[in-house]
Each structure stands twice: as structure tokens, then as C-alpha cells.
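Below is one structure, written out as C-alpha cells, with a few remarks after it.
The values are calculated or read from the model by the stated rules, or taken from the named source; none is laboratory data. All values reported here derive from a predicted model rather than from experimental measurement. Cβ placement follows ideal geometry from the backbone for every residue including glycine, while neighbour counts extend to all protein chains displayed. Note: accessible area is taken over every heavy atom of the protein model, side chains too, but ligands, DNA and RNA are not part of it. Shrake-Rupley method; radii C 1.70, N 1.55, O 1.52, S 1.80 Å.
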Amino acid sequence: MSKFTHSVKVPTQYKATAKILKVALEKQKSIKSLIFEEKHARVRSLQAVLKHYSDNRGAVDNAIEETSLLKDNPNLDSALAKVLVTELIFGRGQLNGDSKPVQTVREYKERLEKAISGSNIQKKEPNPRYVRVNTNLLSIAEALEYLSSEEWRRKELPAEATYADFLTAIRAMEEDEFMTDLHVEGVLIFHPKWAHYWAGHDFVHSKKFILQNKATSLAAELLAPPVGSTVLDLCAAPGMKTLHMCNVMQNKGRIYAVEQSQERYRALCDITNEAGCEIVTPILGDALTMDATRCPDVEYILVDPSCSGNGMQSRISVCDEQKDDKRLYKLAGLQIKILSHAMSAFPNVKRIAYCTCSLWKEENEQVVQRCLQLNPSFKMLSCKKALRNKWQNVGDKEYAKIGKNCLYCLPDSDLTDGIFLALFEKKRDGEEE
């Protein structure tokens, strides 16, 4: 007689998640779009499982092969096996229910763990959880006082600490410790274990805390619009950088926040309203149609256009992403148009920050190079110098006078998302670069 109770069904969230993974693997479709289309509410909560599989795909597939899990159990669906193994080994460490597939994978737990520990494929260590204080609603002093009252221990570095010291300290952080960022005021750093804790925290739901990666926080830090200035955010949604610039400006001045997509525009309006941004004017429209008449007196511009996004650590991919030259060519063409438009359409502009979440040169140094050729009235500023030289990764030195002034955030070395940043300043009359 079978030791399994066949009448016990596989929990719906596992089946629905396996269905998404199967379609993604077989048809090379985007997991995020498949999750968005899925009607079953619990699937979005299991996005973490798919992310764990994306990050540890080689280790999971190798362990399933090495333990003969599918070979020994030919009726076990391959995609479901991958979901269950991922949840058991890299996720919550336990499985719900007593269905046959769940019990089968549970029985293989020790063998799976042994296969993974003996494999040359390393488990991907997650980067820390970054939480930024929204100073429209909560002061940094109040945030630190709150964390202390909740028995978080602040890990502090000496004033002379280098960037290497800072990264070493993050890697060695205890689970009950947190740090304040070396570069961006109001960015708090927590152990990766607390990623989901903060995602569900009341301070995040009330927008007192913003879940924003440190790398993307550098855009407002480098643009540094003064209190009372007039800023244009040309590709603003979902609004995290818009909100951060509002914080930098102490909610004084004006920010024109432009977004072309109706749905993303609504999200932009929602977050700026909920986060207490009194100086933001959301505009539904095309960035290339904005000018000094529509957005008068603009002094500072952030250009954060659509890009390939291959630097984002939150991306969930289950196929080996190939470089798509045709797509990069189209994206770079649009990026050049938008950045060049920012340089030419606003006579009072003083400084422009260009930002992508791409690590491809075609969207980064090459865009910068072309825009400087088209707009000789602008010069580059050194992003590294703006961060008091406490940074490591800059652009490609093959791009003379450009690479050294650009900045890259790299996931493995900077413990952030992959981001590219460049900073431009309008030359004074008669000034040579």
C-alpha cells in the first residue's frame, strides 16, 4: 500500500507558481509579466520563490539531476519539482501540506542539500536590504530613535574609514545590526535576512520608509538640487528618485515630474501624494515634447530613460540572457534623443544627471559620448570626486575624458543594483572643457 495520500492536493500557490515557471522556461517569457497576468493572488507573494530560482538556477537544476529526483519519480512535474526544491533549500526551508509531490521532495531534502553543498555552483548571496528615510514624513533623528527603541544596534565606522572598510563592515554585519550609508544621507542598511520584514513594515506602507536600492539613491545625491531650486525629472515613474530629490530639496522649490504611460503616471501621482511631496507637479506627456514653456525656469534635470535593465538585481530571469544588439540600438537611439533634448531645450539648466540600470556600454558611455558631440556647451563632472573619491568603479577608460568621470555601481563589488551614472554641467561662456 502506498505511503502517500493521493487525495491530498498540491497547494494552489505551488501549482500556479510551477505553471508560471513552466511557461517561462518553455516559451522564454518574462516571469514578471506572467505574474502580473496570473489571477491567483498568492502567486505574487511567491515571487520570492521564483527570484530564488532565478538566482540559484544552476544549483537547483544540478541538485535535481544529481539526486535523480525526477528520474526516480517520473510522475513528478519538472517545473513543480524546481519550485518545491527552491522553496525547501533557498526559500522558507519548509513546504506546506502533505501532497505526494511535497512529501517526495521533503524525503530528498538531505540528499539535495548534500548535492548543493558539494557542488562547485555557489549559492548566490543576497545583497543587503536598503531602506531610505522619507524626510518629508520622518526626520533621520526620529528614524534612528525608532530603530533604537526596537533594539536594533547601529554599527558605526570611524570618520577616516575608506570605502573598502565600509563594504567589509556591511558584509560582516550581524543580523540585529544596521548601518547608515557612507554616501547618501538617510539610507539605512540592514542584513539581507530582513528584506521581507521591511517589505511588510508599517513604516514602509505609510511611506515613512522607502524601499530604494542605494545605487538608485545616488542619482539625487549627485544631481544635488539646492533647496528652493526648479528641477525636471524627465522619465519620472514610479517616482522613487522624484521623491528622493524632494527630500534633498527639503520639500521646497518645484519638481516637474514627467511620465508618458497613463498607468505609470497614476503610480507616480499616488506615491508623491502619499509621501508628502508638496513641490511635485506630475505631467502626463512625452519627455521629448517638454520645453521651457511647459516647464519654465528649469535648473536641474534628471534623465533616467527606459533601458535594458540588465543591472537590476530584482529581475527574475530563467533563461540565459543574450545581448540583443538590435534592441540596444533602438534603446540607445531613444536615450540619446532624450538626453540631448534635456541639454538643448532648457536655457536655464545648470546640471544634468543621466542614469540607467544597464551595464551595457551602448546605453552608457556611448550615449554620453554622442550627446557631448551634439551639445558642446556641456562638460562632464567627475561622479567619483562628487562622492569624495570614496568609490571604486568608474567607466571604461577606452572612452577618453568620459569613462573616468562616469560611475558604475556593480552588484558583486558594491553590494547594490547595477547602475550607471553620468553628471553634466553647462559651461560658462567662453569656457573650455
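For a paramagnetic label modelled on R106 (point 7 Å from Cα along Cα→Cβ), amide N atoms under 19 Å away belong, within the stretch 71-87, to 73, 76-77, 80-87. Straight-distance candidates among the aspartates and glutamates for linking to K82, with alpha-carbon spacing under 18 Å and chain neighbours fewer than 8 residues away dropped: E26, D55, D61, E65, E66, D72, D98, E107, E110, E113, D320. Going 7 Å from the Cα of D286 in the Cα-to-Cβ direction, what parts of the stretch 223-264 have a backbone nitrogen less than 13 Å from that spot? Counting only backbone N, you get 260-261. Accessible surface area normalised per residue over the stretch 214-426 is 42 Å², counting heavy atoms of protein chains with a 1.4 Å rolling probe. Heavy-atom surface analysis with a 1.4 Å probe gives the stretch 78-203 a carbon and sulfur content of 46 percent of its accessible area.
Model label points for K337 and I140, set 7 angstrom from Cα along the Cα-to-Cβ axis, are 4.0 nm apart.
If you sort L144, L138 by accessible surface, 1.4 Å probe, largest first, the order is L144, L138. A crude spin-label estimate for the pair A267 and V394, with each label 7 Å from Cα along the Cβ direction, gives 3.5 nm. Full extension of the chain segment joining Q47 with E150 gains 34.2 nm, where the gain is 0.36 nm per residue of separation less the Cα-Cα distance.
Amide H to amide H, with H built 1.01 Å from N, F378 comes under 5 Å of K427, counting only residues 5 or more places away or on other chains. If a spin label sat at a point 7 angstrom from the Cα of S382 along the line to its beta carbon, the backbone N atoms of the stretch 402-419 nearer than 20 Å would be those of 402-410. Simple spin-label estimate for L157 and T12 gives 4.8 nm between the two label positions (7 Å along the Cα-to-Cβ direction from each Cα). Checking the cross-link pairs K384/K426; K155/K397; K323/K385; K385/K426; K208/K252 against a 27 Å limit on the alpha carbon distance flags K155/K397; K323/K385 as lying beyond it.
Each stretch of four or more DSSP H residues adds -39500 (n - 2.57); spread over every residue of the chain, this sum gives -11500 deg cm²/dmol at 222 nm. Residue separation of L410 and K427 scaled by 0.36 nm, minus their Cα-Cα distance, works out to 3.1 nm of gained length. Shown here for the stretch 236-304: trypsin sites (Lys or Arg not before Pro) in loop regions (DSSP other than H, G, I, E, B) with at most 11 other Cβ atoms within 10 Å, of which there are none.
Of the residues M240, M245, the one with the largest accessible area comes first in the ranking M240, M245, computed with a 1.4 Å probe on protein heavy atoms. When nucleic acids and ligands are ignored and a 1.4 Å probe is applied, C277 ends up with an accessible area of around 20 Å². Just one of [x] 23.8, 91; [y] 20.7, 61; [z] 40.2, 120 is Rg and Dmax of the Cα atoms in Å as worked out from the coordinates here. Which one is it? Given [x] 23.8, 91; [y] 20.7, 61; [z] 40.2, 120, the calculated one carries the label [x]. For the stretch 153-195, the set of trypsin sites (Lys or Arg not before Pro) satisfying both a DSSP loop assignment and a count of at most 16 other C-beta atoms within 10 Å is given as K155. What shape does the stretch 129-211 have by the C-alpha gyration tensor, where a ≥ b ≥ c are the square roots of the eigenvalues, rounded means a/c under 1.5, and otherwise prolate means a/b greater than b/c and oblate the rest? Verdict is prolate for the stretch 129-211. Only protein heavy atoms count here; on that basis, with a 1.4 Å probe, H196 has an accessible area of about 130 Å².
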